[in-house]
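The values are calculated or read from the model by the stated rules, or taken from the named source; none is laboratory data. Here the structure is a predicted model, which means the values were calculated and not measured. For neighbour counting, all protein chains shown are included, and Cβ atoms are generated from backbone atoms with ideal geometry for every residue, glycine included.
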Amino acid sequence: MNIPTPAGGLPVYGDAGAGTGGMNAASCAGGGTAQNGADAPMNAADTPSTTLGACSATGWSPAAGVAGADGKPGQGGGGGGNGRLSDGLGGGGACGGCGGAGGEPGAGGGSSIALLTYQSGVMVTDCVLTAGTAGNGGAGGSGELGQAGGSPGDPSGTGVGIGCPGGAAGAGAGGNGGQGGPGGLSLGIGYSGAAPTIDGAVVTQAATHAGITSGAAGTGGAGGSKGAAATLSTGPAGVDGTSGANGVAAAVGPLP
């Protein structure tokens, strides 16, 4: 009779022996019992965005932060062997716990740009330009908590012919918090392409300039909180999100 070998639990995270299936035709104490699955590994920190936004023919669009990574699922338990007499049924391995979803990214803050140019030359003479205060970036969303692993199925059989237990499952990891959104810009002149000519001189960058007033730059939004570890488990929590990039305030500045 073709009796399939009990499978190991997935996914495998490199923990030798974790989630291994039991052996057929072996006593439960002698290798027939499956191994429990491993907890998911902890997420790495997300790489934060430093982009403030993008300029196009329709104007300036603020960027957003980076979404938090989802937590990885726990490893499932292995399937149990069929018992030493090979006439039982092993218990099924439990399903690994789900990882928590990552937090949403924060939105970028609004900008105040008194004069915006895109792929166009501009000459400004004896002008007064005033930009207002930029908006702050929005906060990143919190990650969701991980979920505990499931319970294995019961073996079946009669007397000494009963099958062996399957393995319990590992817990999923908590999701990472989302990055906060970038702060907005406050620019007297913001340009993409050719630098402006102001009172006869080309100005590529200037913190201050006669006749041009800028307000305060927006600050980056706070990062979202990490998702908690699964309740009643040894699974890992997520990673806190990072704050968004701060905006820029200047009389004249280039735009992406």
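Below is a table of values for the structure above.
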| read-out | value |
| --- | --- |
| Any hit, the range 164-172, residues being surrounded by 24 or more Cβ atoms within 10 Å (Cβ to Cβ) and over 30 Å from CYS28 (Cβ atoms) | no |
| Some residue of the range 247-254 being farther than 17 Å from GLY132 by Cβ, out of contact with any helix residue (DSSP H, G or I) (no Cβ under 9 Å at 6 or more places or on another chain), outside any strand (DSSP E or B) and not β-branched (Val, Ile, Thr) | no |
| Those residues of the range 83-112 which are modelled with pLDDT of 95 or more, over 29 Å from GLY170 (Cβ atoms), surrounded by fewer than 22 Cβ atoms within 10 Å (Cβ to Cβ) and of a type outside the set (A, V, I, L, M), in sequence order | GLY110 |
| Matching entry among GLY132, GLY138 (being buried (at least 22 other Cβ atoms within 10 Å of the Cβ), under 39 Å from the mean Cα position of the chain (by Cα) and modelled with pLDDT of 95 or more) | GLY138 |
| Lone qualifier among ALA29, ALA63 - being touching a residue at least 40 places away in the same chain (Cβ under 8 Å) and either touching a strand residue (DSSP E or B) at 6+ places or on another chain (Cβ under 7 Å) or under 13 Å from PRO165 (Cα atoms) (or both) | ALA63 |
| Residue list for the range 190-223, restricted to those being in a strand (DSSP E or B), surrounded by fewer than 18 Cβ atoms within 10 Å (Cβ to Cβ) and not polar (S, T, N, Q) | ALA201, VAL202, ALA206 |
| Residue within the range 6-17 that is aliphatic (A, V, I, L, M) and free of Cβ contacts under 8 Å to residues at least 40 places away in the same chain present | yes |
| Hits in the range 237-256 (condition: more than 20 Å from GLY180 (Cβ to Cβ) and buried (at least 24 other Cβ atoms within 10 Å of the Cβ)) | VAL252 |
| Count of residues meeting criterion [touching a Leu at 6+ places or on another chain (Cβ under 9 Å), not in a loop (DSSP other than H, G, I, E, B) and not β-branched (Val, Ile, Thr)] in the range 170-189 | 2 |
